[in-house]
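Chemist: Mind looking over this structure? Questions follow.
The values are calculated or read from the model by the stated rules, or taken from the named source; none is laboratory data. On a predicted model such as this, the values are computed, not experimentally measured, just so you know. Cβ placement follows ideal geometry from the backbone for every residue including glycine, while neighbour counts extend to all protein chains displayed.
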Amino acid sequence: MNTSLLLQAAYINGEWIAADDSVAVDNPATGAIIGSVPNLGAVATEQAVTAAHAALAPWQALTAQQRADILLRWYQLMLEHADDLAALMTLEQGKPLAEALGEVKYAASFMQWFAEEGKRLYGDVIPSPSPDKQLLVSKEAIGVVAAITPWNFPLAMITRKAAPALAAGCTMVLKPANETPFSALALAKLAEQAGIPAGVLNVVTGDAVAIGSVLTSHPEVRKLTFTGSTPVGRLLMQQCAATVKKMSLELGGNAPFIVFDDADLDKAVQGAVFAKFRNAGQTCVCANRFYIHRSVYAEFAQKFAAAVAQLQVGNGMDAGVNIGPLINQKAVSKVETLLQDALDKGAQVLTGGKAHALGGNFFEPTVLSNVNADMALVSDEIFGPVAPLIAFDDEAEAIVAANNTIYGLAAYVYSENLSRIMRVSRQLEYGMVGINTSAISNEVVPFGGVKQSGLGREGSKYGIEDFIETKYLCVAV
Ligand code: ADP
């Protein structure tokens, strides 16, 4: 790996900032310390916001094409360094190297997409109700944006925010997750090389609460975009209320995966393995509960458990590994607690069912049958490699069960009957529905949830709207 991308410093106003006090970052597969990043707090965050504010006017003064040219250089640099970025990600996050490489390309795709979209922020001329007025609408960058991002997608959750924000003419202060700051800092290094001016992108590492309180209260921060847990999202929303900041929130999910009796079961099994076990189950769109029609339940359960038993658990750096470690011991404990609760209430293990023999943060990919709604893992986001199976008898029952949650991010439906697909999809209270597929994310589609899964959409033509204001000009003529 090219170690010039392993930076143990924060990035504020175009300068790499070290600090005596630091936060160690470990490799979740081995426990080894990879390095450390500065443990910064309120003072550094204020400096970063000041820098982002100072950089705003000159960045906005560029044409959209000039900003696009810089973003496209950043995109090219990400692709040129894809192998190094992927290795760094696997080291600090644990996902298998092939998945990490997939994420680097996915993350880079937002740069290319929003470089283009930034050139299409059209306004309107509104037919006027009075002859002496011309009515114009323009789209303007919202201003300084704060971004707080999680560890499960250490690059893509940043570029999905930074690319539209910068393309629109905003500047940004980013606080990455303390588990995975190196991917964020490598990205900032490539931004610097691409020619992103000082202050346009700042990365502050360290004390989440101290950094978060400045980002949510500073009057020059006009918007907060956050991906993470629903409890932290609620807290940040409260904190932003005092200065009435605009917000985008990508929060938790509790995705139902519904298999009807008219589904192609082999396709459903394949989709279920991806929907549940990608990133060791640590994505907000991971299937959290599987509703299987009773007439195909036994066959699906047998095939699914057999496929899951084939998954190779290990260090993501090793060839052939499909499932890496969970991010830390806290995540392992959460999975163990939810699993034990289900077992105590009568669930049966079809495969897996315990911490992996490798020890550490490794957990066996697990399939449970005999699951019911009294078990906590049906309502709580598992965020780990456990798949609970529940039998249902009719369509209406499946829809009611699927919607019986505070969340509304992704849902999956497997059926070969078009009317059923349309009927069911319409009734699902979710921001995204995968139909006969669980690979739903890419840069051209709107990613986001309803209910307590969040606010706003990322990616697609809609994703840039979250970073622009609508200005109305009334011109007397
Ligand atoms: P997870 O449980 O997946 O780590 P969190 O919501 O706790 O999800 O974390 C997502 C991001 O939010 C991380 O960057 C984390 O450091 C940050 N974070 C957590 N708590 C706070 C807080 N009180 N204020 C600001 N940021 C926070």
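Chemist: Which number in (1) in contact (Cβ under 8 Å) with a residue 60 or more places away in the chain; (2) closer than 19 Å to residue 31 by Cα marks the one condition that residue 329 misses?
Modeler: The number of the failed condition is (1).
Chemist: If a residue must be closer than 21 Å to residue 255 by Cβ and not aliphatic (A, V, I, L, M), how many such residues does the range 295-334 contain? Explain how you work it out, then say what you get.
Modeler: Here is the first cut: in the range 295-334, the residues closer than 21 Å to residue 255 by Cβ are 296-297, 300-301, 303-305, 307-308, 311, 322-324, 326-327, 331, 334.
From the residues that got through so far, the ones that are not aliphatic (A, V, I, L, M) too are 297, 300, 303-304, 322, 324, 334.
Number satisfying all stated conditions: 7.
Chemist: Would you call residue 160 farther than 22 Å from residue 120 by Cβ, among the basic types (Lys, Arg) and modelled with pLDDT of 95 or more?
Modeler: Numbers: farther than 22 Å from residue 120 by Cβ: no; among the basic types (Lys, Arg): yes; modelled with pLDDT of 95 or more: yes.
Judged against the criteria, residue 160 is not a match.
Chemist: In contact (Cβ under 8 Å) with a residue 12 or more places away in the chain, in contact with a Pro (Cβ under 9 Å, 6 or more places away or on another chain) and either closer than 29 Å to residue 358 by Cα or surrounded by fewer than 16 Cβ atoms within 10 Å (Cβ to Cβ) (or both): is that true of residue 55 in this structure? Let's see the steps before the verdict.
Modeler: Details: in contact (Cβ under 8 Å) with a residue 12 or more places away in the chain: yes; in contact with a Pro (Cβ under 9 Å, 6 or more places away or on another chain): yes; either closer than 29 Å to residue 358 by Cα or surrounded by fewer than 16 Cβ atoms within 10 Å (Cβ to Cβ) (or both): no.
When the stated conditions are applied, residue 55 does not pass them.
Chemist: Determine whether the range 157-170 contains at least one residue that is more than 9 Å from the ligand (Cβ to nearest atom), farther than 15 Å from residue 111 by Cα and not basic (Lys, Arg).
Modeler: No: zero hits.
Chemist: Tell me yes or no: at least one residue of the range 199-212 is surrounded by fewer than 20 Cβ atoms within 10 Å (Cβ to Cβ) and more than 10 Å from the ligand (Cβ to nearest atom).
Modeler: Initially, the range 199-212 is screened for residues surrounded by fewer than 20 Cβ atoms within 10 Å (Cβ to Cβ), giving 207-210.
Of the ones still in play, those that are also more than 10 Å from the ligand (Cβ to nearest atom) are none.
So far as the range 199-212 goes, no, none of its residues is surrounded by fewer than 20 Cβ atoms within 10 Å (Cβ to Cβ) and more than 10 Å from the ligand (Cβ to nearest atom).
Quick grid of which residues meet (1) within 14 Å of the ligand (Cβ to nearest atom); (2) over 23 Å from residue 45 (Cα atoms):
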position	(1), (2)
230	yes, yes
236	yes, no
249	yes, no
253	yes, yes
259	no, yes
266	no, yes
271	no, yes
275	no, yes
280	yes, yes
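Chemist: I've got another one for you. Restricting the search to the range 208-242, which residues are over 19 Å from residue 51 (Cβ atoms) and assigned to a loop (DSSP other than H, G, I, E, B)? Please lay out each step first, then the result.
Modeler: Residues of the range 208-242 that are over 19 Å from residue 51 (Cβ atoms), as a first pass: 208-209, 226-242.
Scanning the range 208-242 gives 228, 229, 242.
Chemist: Going through the range 213-228 one residue at a time, which ones are within 20 Å of residue 179 (Cβ to Cβ) and either of a type in the set (Gly, Ala, Ser) or within 10 Å of the ligand (Cβ to nearest atom) (or both)?
Modeler: Our first condition is that a residue be within 20 Å of residue 179 (Cβ to Cβ); within the range 213-228, this holds for 215, 225-228.
Answer for the range 213-228, where residues must be within 20 Å of residue 179 (Cβ to Cβ) and either of a type in the set (Gly, Ala, Ser) or within 10 Å of the ligand (Cβ to nearest atom) (or both): 215, 226, 227, 228.
Chemist: If only one of 3, 30 is under 30 Å from residue 318 (Cβ atoms), surrounded by fewer than 21 Cβ atoms within 10 Å (Cβ to Cβ) and at pLDDT below 95, which one is it? Quick ask: steps written out before the conclusion?
Modeler: Numbers: 30 fails: at pLDDT below 95.
The match here is 3.
Residue-wise test of (1) part of a strand (DSSP E or B); (2) among the charged types (D, E, K, R); (3) in contact with a Gly (Cβ under 9 Å, 6 or more places away or on another chain); (4) surrounded by 21 or more Cβ atoms within 10 Å (Cβ to Cβ).
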| site | (1), (2), (3), (4) |
| --- | --- |
| 407 | no, no, yes, yes |
| 416 | no, yes, no, no |
| 425 | no, no, no, no |
| 429 | no, yes, yes, no |
| 439 | no, no, yes, no |
| 452 | no, no, yes, no |
| 461 | no, yes, no, no |
| 470 | yes, no, yes, no |
| 475 | yes, no, no, no |
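Chemist: Which residue, of 319, 309, 342, 298, is in contact with a Ser or Thr (Cβ under 8 Å, 6 or more places away or on another chain) and either among the hydrophobic types (A, V, I, L, M, F, W, C) or more than 30 Å from residue 97 (Cβ to Cβ) (or both)?
Modeler: On the way: 319 fails: in contact with a Ser or Thr (Cβ under 8 Å, 6 or more places away or on another chain); 342 fails: in contact with a Ser or Thr (Cβ under 8 Å, 6 or more places away or on another chain); 298 fails: in contact with a Ser or Thr (Cβ under 8 Å, 6 or more places away or on another chain).
On inspection, the qualifying residue turns out to be 309.
Chemist: Looking at (1) crowded, with 24+ Cβ neighbours inside 10 Å; (2) more than 10 Å from the ligand (Cβ to nearest atom); (3) of a type in the set (S, T, N, Q), which is the only condition residue 149 fails?
Modeler: Among (1) crowded, with 24+ Cβ neighbours inside 10 Å; (2) more than 10 Å from the ligand (Cβ to nearest atom); (3) of a type in the set (S, T, N, Q), the lone unmet condition for residue 149 is (2).
Chemist: Within the range 230-284, work out how many residues are closer than 25 Å to residue 97 by Cα and of a type in the set (Ser, Thr, Tyr).
Modeler: Within the range 230-284, residues that are closer than 25 Å to residue 97 by Cα and of a type in the set (Ser, Thr, Tyr) number 1.
Chemist: Go through (1) under 26 Å from residue 282 (Cα atoms); (2) part of a loop (DSSP other than H, G, I, E, B); (3) aliphatic (A, V, I, L, M) one by one and return the number of the condition residue 19 breaks.
Modeler: (1)
Chemist: When both residues are 6+ apart or on different chains and their Cβ atoms are under 7 Å apart, which pairs have a first residue that lies in the range 217-242 and is among the acidic types (Asp, Glu), and a second that is more than 10 Å from the ligand (Cβ to nearest atom)?
Modeler: 220/49; 220/53; 220/144
Chemist: Right, something else. For residue 276, state whether it is among the charged types (D, E, K, R), under 30 Å from residue 458 (Cα atoms) and in a helix (DSSP H, G or I). Talk me through it step by step, then tell me what you get.
Modeler: Details: among the charged types (D, E, K, R): yes; under 30 Å from residue 458 (Cα atoms): yes; in a helix (DSSP H, G or I): yes.
The answer is yes for residue 276.
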